[in-house]
Amino acid sequence: DAFMITGSPLSVLDSHIFTDGLMDFIRRCDAARKPLLGACFGHQAIALALGGKVERSSDGYNVGVEETTFNQSRSWMSPMHDALPMYVFHEDQVTELPPGCDLLGSTQKCKIASFAKGNHIFTTQAHPEFTHEFMSCVLRFTESSIPTEAIKSAWDSLQRKQLGQVFATWSTNFFKQGISHAG
């Protein structure tokens, strides 16, 4: 009835055994107007499949808690918040929206941090599914491969409150709305 493409330690800029199938799947979901949610890797994969552009950030890794400011909203984005601080962990980012998509939110380091297409596609560059414990574990595991200043900044940002649970509510609303309109 509905689908989600999650985050991944892989890059959408690399070719994987599943890449062609995933791109085709995304385009079929779009054509059928099946509710499709993308987070981080999923956000980037959806953008690529639909004709957008993804590039490696010239600023390197973006890790920690970062606030997404929403300048547009959709009916499923309730309770409404103008901004949501959420966990982020990415080096790649969407740099050009796919045709027919609307920019919903941006962060200080990522201009296209959330977008939608109609009422059937919804994405975020963030990881709203991460908990503090999981994010801390990921940071400890990756510390040796990320520049020292980025790791320090990430650890410092984890002191901030994050609102991934609000995005989770929006996602539930998105799926409910999409399934009810598809049925």
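When you check LYS109 against the structure, is it among the charged types (D, E, K, R) and under 22 Å from SER171 (Cα atoms), yes or no? The answer is no for LYS109. Selection of region 7-22 for residues being over 18 Å from THR95 (Cβ atoms) and without any contact (Cβ under 8 Å) to a residue 12 or more places away in the chain yields PRO9, SER15, HIS16, ILE17, PHE18, THR19, ASP20, GLY21.
Being touching a strand residue (DSSP E or B) at 6+ places or on another chain (Cβ under 9 Å), in contact (Cβ under 8 Å) with a residue 60 or more places away in the chain and surrounded by fewer than 16 Cβ atoms within 10 Å (Cβ to Cβ) is a property that holds for ASP156. Filtering region 1-28 down to residues that are of a type in the set (Ser, Thr, Tyr) and in a loop (DSSP other than H, G, I, E, B), which residue is least open to solvent (accessible area, probe 1.4 Å)? Residue satisfying both the conditions and the ranking: SER11. Scanning region 130-153 for residues being within 20 Å of the chain's Cα centre (by Cα), surrounded by fewer than 19 Cβ atoms within 10 Å (Cβ to Cβ) and in a loop (DSSP other than H, G, I, E, B) gives a total of 1. Taking the numbered list (1) among the aliphatic types (A, V, I, L, M); (2) free of Cβ contacts under 8 Å to residues at least 60 places away in the same chain; (3) assigned to a loop (DSSP other than H, G, I, E, B) in turn, ILE112 passes all entries but (2).
Going through region 73-89 one residue at a time, which ones are assigned to a loop (DSSP other than H, G, I, E, B) and either surrounded by 22 or more Cβ atoms within 10 Å (Cβ to Cβ) or in contact (Cβ under 8 Å) with a residue 40 or more places away in the chain (or both)?
ARG74, SER75, TRP76, MET77, SER78, PRO79, HIS81 - these are the residues of region 73-89 that are assigned to a loop (DSSP other than H, G, I, E, B) and either surrounded by 22 or more Cβ atoms within 10 Å (Cβ to Cβ) or in contact (Cβ under 8 Å) with a residue 40 or more places away in the chain (or both).
The values are calculated or read from the model by the stated rules, or taken from the named source; none is laboratory data. Nothing here was measured: the structure is a model prediction, and the numbers come from that model. Virtual Cβ from ideal backbone geometry, glycine too; neighbours counted across all protein chains shown. Remember, those area values only see protein heavy atoms, side chains included, never the ligands or the DNA or RNA. Shrake-Rupley method; radii C 1.70, N 1.55, O 1.52, S 1.80 Å.
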